[in-house]
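Structure first, commentary second.
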Amino acid sequence: MAFLFSCQTIPKEATAVQPFDKEAYLGKWYEIARLDFKFEENLNNTTAEYSLKDNGNIKVVNRGYNYKKNEWEESTGKAKFVESSDVGKLKVSFFGPFYAGYNVIEVDQDYKYALVAGKNLEYLWILSREPNIPEGVKQKYLERAEEIGYNTSDLIWVEHDKAK
């Protein structure tokens with residue numbers, strides 16, 4: 001039964017990074033690109049910051065600048081590992097008991113760039129420790145996303161022109 005549940009948190013053709021180094025993943029990430037969805041609608045300058053909580057779970061703070069409202073928005077949530085902490089398959093919640101898949105499916109050896117899949121082909125993020133990403137890494141991640149079945153032409157390329 002647990003196997004069936006865990007399969008529902010990641011797209012069929014995707015595989016979570018293993019071994020995954022949760023300590024190396026902690027810290028601030030810049031969102032380079034995403035498939036848009038209602039909780040990030042009209043946001044640029046988006047970042048995610050991950051820190052370890054005392055109970056072993058991860059605190060998640062997402063920030064972004066709403067360019068239509070001309071104001072910063074912030075949301076704090078929590079993430080838990082679906083399997084063990086050395087597998088990049090997590091579930092994240094910003095709204096009480098409701099969790100969504102968060103799967104690190106590619107990461108470079110220095111944990112500078114990451115490709116993250118949601119539970120299905122409607123959620124995808126390209127992340128970087130800096131507000132930009134080298135073209136070679138970008139192309140590699142786009143190719144991997146397309147192999148899984150993502151329509152990468154729908155990606156929104158995030159602007160990083162404001163600091164908070």
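See the values below:
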| item | result |
| --- | --- |
| Residues (touching a residue at least 60 places away in the same chain (Cβ under 8 Å) and not in a strand (DSSP E or B)) located in the range 55-88 | Val82, Glu83, Ser85, Asp86, Val87, Gly88 |
| Test: Lys91 is in a strand (DSSP E or B), touching a residue at least 12 places away in the same chain (Cβ under 8 Å), in contact with a Ser or Thr (Cβ under 8 Å, 6 or more places away or on another chain) and not hydroxyl-bearing (Ser, Thr, Tyr) | yes |
| Scope the range 62-86; condition farther than 19 Å from Asn45 by Cα and either of a type in the set (Lys, Arg) or in contact with a Pro (Cβ under 6 Å, 6 or more places away or on another chain) (or both); matching residues | Lys78, Lys80, Asp86 |
| Matching residues, the range 94-112, being in a strand (DSSP E or B) and hydroxyl-bearing (Ser, Thr, Tyr) | Tyr99, Tyr102 |
| The range 135-153, residues that are of a type outside the set (A, V, I, L, M, F, W, C) and surrounded by 13 or more Cβ atoms within 10 Å (Cβ to Cβ) | Lys138, Lys140, Tyr141, Arg144, Tyr150, Thr152 |
| Enumeration of residues in the range 140-161 that are among the charged types (D, E, K, R) and free of Cβ contacts under 8 Å to residues at least 12 places away in the same chain | Glu143, Glu146 |
| Lone qualifier among Val137, Val104 - being on the phi < 0 side of the Ramachandran plot and free of Cβ contacts under 8 Å to residues at least 60 places away in the same chain | Val137 |
| Of all residues in the range 6-54 being part of a helix (DSSP H, G or I) and under 16 Å from Val92 (Cβ atoms), the one that is modelled with the lowest pLDDT | Ser6 |
| Test result for Tyr99, under 18 Å from His160 (Cβ atoms), surrounded by 19 or more Cβ atoms within 10 Å (Cβ to Cβ) and of a type in the set (Ser, Thr, Tyr) | no |
| Search result, residues across the range 36-78 that are touching a Ser or Thr at 6+ places or on another chain (Cβ under 9 Å) and either on the phi > 0 side of the Ramachandran plot or crowded, with 17+ Cβ neighbours inside 10 Å (or both) | Glu40, Gly56, Ile58, Val60, Asn62, Arg63, Gly64, Tyr65, Gly77 |
| Test for Lys119: is it in a loop (DSSP other than H, G, I, E, B) and either crowded, with 19+ Cβ neighbours inside 10 Å or not β-branched (Val, Ile, Thr) (or both) | yes |
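Table: residues versus (1) farther than 15 Å from Lys28 by Cβ; (2) touching a Phe, Trp or Tyr at 6+ places or on another chain (Cβ under 7 Å); (3) among the polar types (S, T, N, Q).
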residue: Asn70; (1), (2), (3): yes, no, yes
residue: Thr76; (1), (2), (3): no, no, yes
residue: Phe81; (1), (2), (3): yes, no, no
residue: Gly88; (1), (2), (3): yes, yes, no
residue: Tyr102; (1), (2), (3): yes, no, no
residue: Gln109; (1), (2), (3): yes, no, yes
residue: Tyr113; (1), (2), (3): no, no, no
residue: Leu121; (1), (2), (3): yes, yes, no
residue: Pro131; (1), (2), (3): no, yes, no
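The values are calculated or read from the model by the stated rules, or taken from the named source; none is laboratory data. Remember, it's a predicted structure, so these values are computed and weren't measured experimentally. Glycine also receives a Cβ, built like all others from the backbone with ideal geometry; neighbour counts cover every protein chain displayed.
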